[in-house]
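*Asks:* Once you've had a glance at the structure underneath, I'll fire off some questions.
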């Protein structure tokens, strides 16, 4: 019963908004509306206001607005000017297009209230700068706050990322705040290929910065180093050096360099797994150590942990390539690297092409491994097949971000984000349609009412926010599909009007009937395919 109510609450508002769009447009241009019905079948509830009868029917799979002059019936002479068929072309466009338009506008309202709930955003404060990146070359450093790009105010990390992504290879005037002072820098985002959720590649700009600050977690590769001999191990987190607190791995490196050959007194934390009734917990114990750097210039043996492999998934591409927990990444295709982000970027760009890595484990000589990622298919909570690149290795990555800050101008933020999100969904729908027409994407991804029933129940279980986001997504879908130029859909009627405008006379009744019959067959075939997909997806 929960799924039934969730299904009704999902599609009910979409149908109501769609038909309400038609109704209001018809009233606006003085077309006589005979009946407004939500649902199909004999009316369960019926009420009349003025000349229009409003009905609620038992089959909640659609609705309709019956207008004078819409079905070819005889029109009383006194009401000739109120018939839809006798209205100017622009008025008919408005009435038939208002339903899909209402569905395309509804998500803006839903997304607006969704984003209006947000009270804080992650600020555009740089947590990590990737070595050799555009940001590194421009002199940006950890802790810099990006306040403006090309004189446009930057309110959050998301703002900054979007602005940079839109400008691959284009010089940007970036204003940063550092130690209370405003500085101007010119940065040219690197041009990188990025794939969206539909697998479409497009060039985007990348600065090479992360919002995440890496905690001062360490890795050790030399068992003869002072750090190893004093009991430190890869994964330990340094909390202080010579009584001074350490917050990031970059601070750790600077402080170690500043000690020179002198004695290093440090405090560190080590996580110990402890069984508990609800699972395994990590118990952090504090310990102290004193290190005297080697006289040969080898230092303490402490290295940043974000270039080390923490774990390797059994049977994964990383496992088959020979990567092991504790490995340090030394180079990628012969280019030296110290940061996991560099490896992640190379793998994202190379995708299924092999990559040559040089790695080294504790006390061992460096070795070469050839890594080739795979495409892994998995199912999300909605039982939809998803694909991603499978690597199977995870780094030491104890991270944190800057404290979220109150949103400046919540109303404009919410409205702008709502419009952007709706536009992104419409763009995704258009891309999907093009891919299907060019056979890049199969009809096996279509879903029917059966699928909507399952999805509605799952979304309702996830909470109100997830359910409303699904309402917005399906509203765009409904509006977009109804605009397709298929007879019996609103888009088909708009196509007839367009042909009429070109020919300067309407299509004949016989031509309309044939076109509508073809459209009905197409829709029925698609529904059958979609129903078959859902049966295979959810029950077989």
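*Asks:* Looking at residue 451, is it in contact with a helix residue (DSSP H, G or I) (Cβ under 8 Å, 6 or more places away or on another chain), more than 30 Å from residue 338 (Cβ to Cβ) and either in the same structural domain as residue 109 (by TED's automatic domain parsing) or assigned to a helix (DSSP H, G or I) (or both)?
*Replies:* yes
*Asks:* Select from region 224-244 the residues that are farther than 24 Å from residue 309 by Cβ and touching a helix residue (DSSP H, G or I) at 6+ places or on another chain (Cβ under 9 Å) and write down the one among them that is surrounded by the most Cβ atoms within 10 Å (Cβ to Cβ).
*Replies:* The selected residue is 241.
*Asks:* Given the criteria surrounded by 14 or more Cβ atoms within 10 Å (Cβ to Cβ), in contact with a strand residue (DSSP E or B) (Cβ under 9 Å, 6 or more places away or on another chain) and not assigned by TED's automatic domain parsing to the domain that holds residue 462, does residue 370 qualify?
*Replies:* On the way: surrounded by 14 or more Cβ atoms within 10 Å (Cβ to Cβ): no; in contact with a strand residue (DSSP E or B) (Cβ under 9 Å, 6 or more places away or on another chain): yes; not assigned by TED's automatic domain parsing to the domain that holds residue 462: yes.
So residue 370 does not fit the description; no.
*Asks:* Only residues that are buried (at least 19 other Cβ atoms within 10 Å of the Cβ) and part of a helix (DSSP H, G or I): list them for region 116-145, please.
*Replies:* Within region 116-145, 134, 135 qualify.
*Asks:* If I filter region 21-60 down to residues being out of contact with any strand residue (DSSP E or B) (no Cβ under 8 Å at 6 or more places or on another chain) and in a helix (DSSP H, G or I), which single residue comes out as surrounded by the most Cβ atoms within 10 Å (Cβ to Cβ)? Outline the logic, then answer.
*Replies:* Going residue by residue through region 21-60, those that are out of contact with any strand residue (DSSP E or B) (no Cβ under 8 Å at 6 or more places or on another chain) are 21, 24-25, 28-30, 42, 49-50.
The next check asks that each one be in a helix (DSSP H, G or I); those that pass are 21, 24-25, 28.
Details: 21: 26, 24: 15, 25: 22, 28: 12.
Looking at the filtered set, the residue picked out is 21.
*Asks:* Same structure, new question: How many of the residues making up region 252-261 are loosely packed, with under 11 Cβ neighbours inside 10 Å and either over 20 Å from residue 219 (Cβ atoms) or outside the structural domain of residue 227 (by TED's automatic domain parsing) (or both)?
*Replies:* Count: 1.
*Asks:* Right, here's the next one. So which residues in region 356-392 are out of contact with any helix residue (DSSP H, G or I) (no Cβ under 7 Å at 6 or more places or on another chain), assigned to a loop (DSSP other than H, G, I, E, B) and within 20 Å of residue 309 (Cα to Cα)?
*Replies:* 361, 362, 363, 364, 365, 366
*Asks:* Being more than 30 Å from residue 192 (Cβ to Cβ) and free of Cβ contacts under 8 Å to residues at least 24 places away in the same chain narrows it down to one residue among 223, 245; which is it?
*Replies:* Numbers: 223 fails: free of Cβ contacts under 8 Å to residues at least 24 places away in the same chain.
Exactly one of 223, 245 is more than 30 Å from residue 192 (Cβ to Cβ) and free of Cβ contacts under 8 Å to residues at least 24 places away in the same chain, namely 245.
*Asks:* Could you check how many residues of region 254-271 are in contact with a strand residue (DSSP E or B) (Cβ under 7 Å, 6 or more places away or on another chain) and either farther than 11 Å from residue 241 by Cβ or assigned to a loop (DSSP other than H, G, I, E, B) (or both)?
*Replies:* 4
*Asks:* Let me ask something additional. Can you report the number of residues in region 272-291 which are in contact with a helix residue (DSSP H, G or I) (Cβ under 6 Å, 6 or more places away or on another chain) and assigned to a loop (DSSP other than H, G, I, E, B)? Let's see the steps before the verdict.
*Replies:* Let us first name the residues in region 272-291 that are in contact with a helix residue (DSSP H, G or I) (Cβ under 6 Å, 6 or more places away or on another chain), namely 291.
So of that shortlist, the ones also assigned to a loop (DSSP other than H, G, I, E, B) come out as none.
Residues meeting the conditions: 0.
*Asks:* Within region 192-243, can you find the residues that are under 18 Å from residue 136 (Cβ atoms), in a strand (DSSP E or B) and modelled with pLDDT of 90 or more? Steps first, answer last, please.
*Replies:* Filtering region 192-243 for residues under 18 Å from residue 136 (Cβ atoms) gives 192, 205-214.
With the extra rule that they be in a strand (DSSP E or B), the set shrinks to 192, 205-206, 209-210, 212-214.
Result: 205, 206, 209, 210, 212, 213, 214.
*Asks:* Consider region 398-442. How many of its residues are at pLDDT below 85, surrounded by 15 or more Cβ atoms within 10 Å (Cβ to Cβ) and assigned to a loop (DSSP other than H, G, I, E, B)?
*Replies:* Of the residues in that region, 1 qualify.
The values are calculated or read from the model by the stated rules, or taken from the named source; none is laboratory data. What you are looking at is a predicted structure, and each value in this text was computed from that prediction instead of being measured. Because the Cβ atoms are built from the backbone with ideal geometry, glycine has one as well, and the counts that use them run over all protein chains shown.
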